[in-house]
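Enquirer: Mind having a look at this structure? Questions to follow.
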Amino acid sequence: DAIPSADQIRITTSLKSQKGSVWTKNKSIFEHWEVEVTFRVTGRGRIGADGLAIWFTEEQGLEGPVFGAADKWNGVGIFFDSFDNDGKKNNPGVIVVGNNGKLLYDHQNDGATQALASCLRDFRNKPYPVRVRIAYYKKTLTVLVNNGFTPDKDDYELCAKVEDMELPSQGYFGISAATGGLADDHDVLSFLTFQLTEPGKEVPTPDAEIPQKDKEKYQEEFEHFQQELDKKKEEFQKEHPDVQGQPAEDAFETVSDRELRQIFEGQNRIHLEIKQLNRQLDMILDEQRRYVSAVTEEVAKRGAAFPGPQGQVSPQAIETVVKTQEEVVRQVNEIRNSVADALRSLGGAQHPGSAGAYETAQHFSDIKEHLHLVKRDLEHLAQRNMPSGDKPKCPELPPLPSCLSTLHFVVFVAVQTVLFVGYVMYRSQQEAAAKKFF
């Protein structure tokens, strides 16, 4: 399932049950060697599967269940295991496993019983490509890993070291990957092989140059290929005279561009929803302030106009208060519907965290303090305009209530509570969604 391209090879795509591998055609005859591998493992899920493996074996590996390669090999495999099969929370990790061609890999335990060395490294979804340097020198295998968090190519950390390790004197290098129920994209960007020599020893002479006869043959093949290419270009220009220059290379959207665009569009929608909610909340707060001001002014006017029996309110004032309350209820219903639509579009509300709980408690305290001030002002105005021997009571003006009763206060507090709880839940859900994006 491997797919080659100009700048990388996708060993497996992010589809279920994929297997792919790439192997060298010729054996390596180096006694001491080093390889540098650059790769990316990317996936949309929080966890991925199955992983990627780097091989040095006596024979080329066939397709099999060990990260896309055969289950028996004579050599060594360095496994970058993404999925936690044994449930010990030790993945993603890097495992070094040797084999003499007779052992079967222990998948259920993630090779823990066969591992010669291992380390925990999260190599998925890194901002920069992950780099691995594997060296075999004087029967010692060393694995260094650059975790992909920085662009520094030489920022390696020691991951594993195996001493007294016997490997075949000649073998093939390879890299393979596989997916299971979960899937990642496994991309290899480079695979460099080096020969290591002891200090002070003479460097082996390179192979002899290509014979002149072969050079002429290769040159002739190249010229023939170049002529065929020129002919095809001329035919294409004749068939498409309206096309000027080279075709655009950015006609198709890459995976990273698509992900960035989707993130931007999602955040833009969230921003618009929050702005709309803020506007409606401001409108509700203005209505609340006007309602409190109207009640206070009405009580003050009635107290100044009637020094005798107090508490009499005109039907016009009662109608004004009732209309104001109806407008507040209507605004609350609109904000509730808007919050419900936003939550449905974003996949449902989540449980608020500690910050949400603190904001909820703060909003409740503000509501309680505000209502306490309003009640205290009303009682003060009523007591100031009434005789000292009379007890304050609401006037009887049937059929409509003439003052702010306990029921009105309870309804008002309940409506405000529902409003602020919904707003806090929405804020917490948006913060959690923003954390997922980054």
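Enquirer: Looking only at segment 130-161, count every residue that is under 16 Å from ILE54 (Cα atoms) and either among the aromatic types (Phe, Trp, Tyr) or open to solvent by less than 40 Å² (accessible area, probe 1.4 Å) (or both) and tell me the total.
Expert: Within segment 130-161, the first condition is being under 16 Å from ILE54 (Cα atoms), and the residues that meet it are 130-136, 141-146, 159-161.
Within this subset, residues satisfying the condition of being either among the aromatic types (Phe, Trp, Tyr) or open to solvent by less than 40 Å² (accessible area, probe 1.4 Å) (or both) are 130, 132, 134-136, 141-143, 145-146, 159-160.
Matching residues across segment 130-161 total 12.
Enquirer: Another question about this same structure. Can you tell me which residue is farthest from the chain's Cα centre (by Cα) among those in segment 39-79 that are within 17 Å of LYS16 (Cα to Cα) and aliphatic (A, V, I, L, M)?
Expert: Of segment 39-79, the ones within 17 Å of LYS16 (Cα to Cα) are 41-52, 63-69.
Subset that is aliphatic (A, V, I, L, M): 41, 47, 49, 52, 66, 69.
On the way: VAL41: 14, ILE47: 11, ALA49: 17, LEU52: 22, VAL66: 29, ALA69: 31 Å.
Restricting to residues being within 17 Å of LYS16 (Cα to Cα) and aliphatic (A, V, I, L, M), the top hit is ALA69.
Enquirer: Still on this model: Quick one: would you say VAL243 is out of contact with any Cys (no Cβ under 7 Å at 6 or more places or on another chain), modelled with pLDDT under 80, surrounded by 10 or more Cβ atoms within 10 Å (Cβ to Cβ) and closer than 30 Å to GLN416 by Cβ?
Expert: Values: out of contact with any Cys (no Cβ under 7 Å at 6 or more places or on another chain): yes; modelled with pLDDT under 80: yes; surrounded by 10 or more Cβ atoms within 10 Å (Cβ to Cβ): yes; closer than 30 Å to GLN416 by Cβ: no.
Here the answer is no, as VAL243 does not meet what is asked.
Enquirer: If you take just the strands (runs of 3 or more DSSP E) that sit entirely in segment 80-197, which of them hold at least 3 residues that are over 25 Å from the mean Cα position of the chain (by Cα) and farther than 27 Å from ARG44 by Cα?
Expert: Working: elements: 93-100, 115-120, 130-137, 140-146, 157-162, 172-178, 185-195.
Here the list reads 93-100, 115-120, 130-137, 140-146, 157-162, 185-195.
Enquirer: Name every residue in segment 173-193 that is of a type in the set (Ser, Thr, Tyr) and either open to solvent by less than 40 Å² (accessible area, probe 1.4 Å) or within 11 Å of GLY51 (Cβ to Cβ) (or both), in order of residue number. Give the steps one after another, and end with the answer.
Expert: Our first condition is that a residue be of a type in the set (Ser, Thr, Tyr); within segment 173-193, this holds for 176, 179, 190, 193.
If the condition is that a residue be of a type in the set (Ser, Thr, Tyr) and either open to solvent by less than 40 Å² (accessible area, probe 1.4 Å) or within 11 Å of GLY51 (Cβ to Cβ) (or both), then SER176, THR179, SER190 are the ones that fit.
Enquirer: Collect the residues in segment 55-70 that are farther than 20 Å from GLY93 by Cβ, open to solvent by 40 Å² or more (accessible area, probe 1.4 Å) and not in a strand (DSSP E or B), keeping them in residue-number order.
Expert: Correct list: GLU58, GLU59, GLN60, LEU62.
Enquirer: Considering each residue of segment 111-129, count those that are surrounded by 13 or more Cβ atoms within 10 Å (Cβ to Cβ) and touching a strand residue (DSSP E or B) at 6+ places or on another chain (Cβ under 6 Å), and give that number.
Expert: Let us first name the residues in segment 111-129 that are surrounded by 13 or more Cβ atoms within 10 Å (Cβ to Cβ), namely 111-112, 114-119, 121-126, 128-129.
From what's left, touching a strand residue (DSSP E or B) at 6+ places or on another chain (Cβ under 6 Å): 111, 114-119, 121, 123-125, 129.
Total meeting the criteria: 12.
Enquirer: Of the conditions (1) farther than 17 Å from TYR423 by Cα; (2) exposed (fewer than 14 other Cβ atoms within 10 Å of the Cβ); (3) basic (Lys, Arg), ARG302 fails just one. Which one is it?
Expert: (2)
Enquirer: Residues of segment 273-291 being among the β-branched types (Val, Ile, Thr) and open to solvent by 30 Å² or more (accessible area, probe 1.4 Å), which ones?
Expert: Step one: list which residues in segment 273-291 are among the β-branched types (Val, Ile, Thr), which gives 274, 284.
Selection gives ILE274 alone.
Enquirer: Examine segment 83-96 for a residue that is touching a Gly at 6+ places or on another chain (Cβ under 9 Å), of a type in the set (S, T, N, Q), modelled with pLDDT of 90 or more and surrounded by 15 or more Cβ atoms within 10 Å (Cβ to Cβ), and state whether such a residue exists.
Expert: For segment 83-96, residues touching a Gly at 6+ places or on another chain (Cβ under 9 Å), of a type in the set (S, T, N, Q), modelled with pLDDT of 90 or more and surrounded by 15 or more Cβ atoms within 10 Å (Cβ to Cβ): absent.
The values are calculated or read from the model by the stated rules, or taken from the named source; none is laboratory data. Because the structure is predicted, anything quoted here is derived from the model rather than measured. Positions of Cβ are backbone-derived with ideal geometry, glycine not excepted, and every protein chain shown enters the neighbour counts. In case anyone asks, the SASA skips ligands and DNA or RNA and just uses the protein heavy atoms, side chains included. Shrake-Rupley method; radii C 1.70, N 1.55, O 1.52, S 1.80 Å.
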